[in-house]
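A.B. asks: First the structure, then my questions, so here it is.
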Amino acid sequence: MAEQEREVRALIAVDPSEYSKKAVIQSAKFAKKTGVKLTLLHVIEDTVSYKEIPDTWVHQQKAKKAQALLDELKKLAEEHGAKDVDTKIAVGPVAEEIVRIAEEENYDYIVVGTRGMSGLKRLLIGSVAEKVVLHAHCPVVVVR
């Protein structure tokens, strides 16, 4: 009996940077050619992970901004050929949330944009992309 094909799904981690826009555009172009289903994820940075967005004024304001960003990037993805793009907001440590969601929801790969910092700056600040690459259960595509 032939195995039923499962839809390939990519989790695209986004923020307001130009690097995220590049990651969305590249992912959309790839999705157009391959049919990969995209989900755009924005993580509201917090020291604690939440399953739902807390009902505080600060979190609600950040969620509004996040949704506006996701709406803009979804439109950008669709303009570059992606079909049926989903969006998602999470709250918590950014790299941890990206990795957790990708694993719990069984994404096939993760896409992140990066500035490509090096040396002391990367050591002091840390890199979300680097942490995701080190801890993800699946392949990670890093777009510069």
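A.B. asks: Please work out if Lys21 is in contact with a Leu (Cβ under 8 Å, 6 or more places away or on another chain) and either surrounded by 18 or more Cβ atoms within 10 Å (Cβ to Cβ) or within 18 Å of Thr114 (Cα to Cα) (or both).
C.D. replies: Yes: the conditions hold for Lys21.
A.B. asks: Could you list all residues from the stretch 15-43 that are more than 18 Å from Gly81 (Cα to Cα) and either in contact with a Lys or Arg (Cβ under 8 Å, 6 or more places away or on another chain) or assigned to a loop (DSSP other than H, G, I, E, B) (or both)?
C.D. replies: Scanning the stretch 15-43 gives Asp15, Pro16, Ser17, Tyr19, Leu41, His42.
Residues are listed down the side, and each one gets a yes or a no for (1) basic (Lys, Arg); (2) modelled with pLDDT of 95 or more:
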position: Ile44; (1), (2): no, yes
position: Glu72; (1), (2): no, yes
position: Glu96; (1), (2): no, yes
position: Val99; (1), (2): no, yes
position: Gly116; (1), (2): no, no
position: Ala129; (1), (2): no, no
position: Arg144; (1), (2): yes, no
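A.B. asks: I need the full set of residues from the stretch 40-62 which are touching a helix residue (DSSP H, G or I) at 6+ places or on another chain (Cβ under 9 Å), of a type outside the set (A, V, I, L, M) and within 20 Å of Val128 (Cα to Cα), in order please.
C.D. replies: Correct list: His42, Glu45, Asp46, Ser49, Tyr50.
A.B. asks: With buried (at least 18 other Cβ atoms within 10 Å of the Cβ), part of a strand (DSSP E or B), on the phi < 0 side of the Ramachandran plot and in contact (Cβ under 8 Å) with a residue 60 or more places away in the chain as the only criterion, which of Val91, Val111 stands out?
C.D. replies: Val111
The values are calculated or read from the model by the stated rules, or taken from the named source; none is laboratory data. This one's a predicted model, so the numbers in the text were calculated from it and none came from an experiment. With ideal geometry, Cβ positions are generated from the backbone for all residues, glycine too; neighbour counts draw on all protein chains shown.
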